[in-house]
Amino acid sequence: MSPSANGPDSTAPQPPQMARHLGHCGCDRRWFLRVGLWGAVACPLLGKPQLAQAEPHPAQALVLSCIDFRMVEAEQQFLAQKQLSHRYDWVALAGSSLALAGFPHAAEAETFWDQLEISQQLHHINRVILLDHQDCGAYANHVDPTLSQDPQREQQVHAIYLNQAYRAITAKYPDLSVELYFLRLDGTAYPVLPTVA
């Protein structure tokens with residue numbers, strides 16, 4: 001009987017064993033996020049990938065958005081209106097700009113920086129687009145559960161974190177342009193102007 005007929009291959013590392021295996025082969029969490037599951041499973045055979053040797057694929061931008069499923073269609077339509085369809089790398093982290101401030105853990109900010117570095121090295125992006133949105137659960141959790149009940153204050157709070165992210169990105173990557181947007185649930189996108197600290 002073939003392994004597929006018996007279910008999953010019993011020789012493949014299962015989740016607890018996989019975690020131990022990754023630790024033994026020197027593959028840390030950040031590397032795992034970079035290459036995904038298949039790269040991690042193959043690492044004993046192939047070793048860690050050498051990103052600098054990968055073939056370049058030009059893209060226009062790296063987009064950071066929230067994970068909120070309600071916003072995906074509006075975000076894609078907005079990016080299409082900006083002539084970016086199929087021309088951007090996309091990172092989704094809860095809270096979008098809030099993730100760069102370390103919500104809910106510092107690992108989220110590290111993930112963003114890793115992805116930005118890879119996007120620039122491999123895809124030669126020239127800008128970063130940050131998309132925050134109305135009624136964000138991460139902001140409700142971290143800032144104020146009633147934040148979305150005051151739309152003006154909500155947008156002001158998002159602008160504060162978007163600007164913090166703007167300053168952090170431009171400090172590390174002065175050659176990249178950074179665009180900030182606040183999206184309402186109806187799909188309307190409002191640009192947020194960077195402010196001087």
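Charged side chains reduced to their Cβ positions (Lys and Arg at +1, Asp and Glu at -1) give the stretch 61-191 a dipole of some 300 debye around its Cα centre. Restricting the calculation to Cα atoms, the stretch 73-179 shows an Rg/Rh of 0.97 when the hydrodynamic-style radius is the Kirkwood one. Legend: translational diffusion of the stretch 119-192 by Stokes-Einstein, Rh = Kirkwood radius over C-alpha pairs, 10 °C, 1.306 mPa s; D = 120 µm²/s. Label positions at Gln83 and Ala101, each projected 7 Å from the Cα along the C-beta direction, are separated by 3.5 nm.
Say R0 is 41 Å: what FRET efficiency, to the nearest 0.05, do Gln121 and Ser148 get from their beta-carbon distance? Efficiency, rounded to the nearest 0.05: 0.65.
Here Asp135 and Asp175 are evaluated by their C-beta separation; at R0 = 35 Å the FRET efficiency comes out at 0.55.
Rule-based calculations on the coordinates, nothing more; no lab input. Computed from a predicted model, the values in this text were never measured in an experiment. No Cβ is skipped: glycine too gets one built from the backbone with ideal geometry, and neighbour counts run over all protein chains shown.
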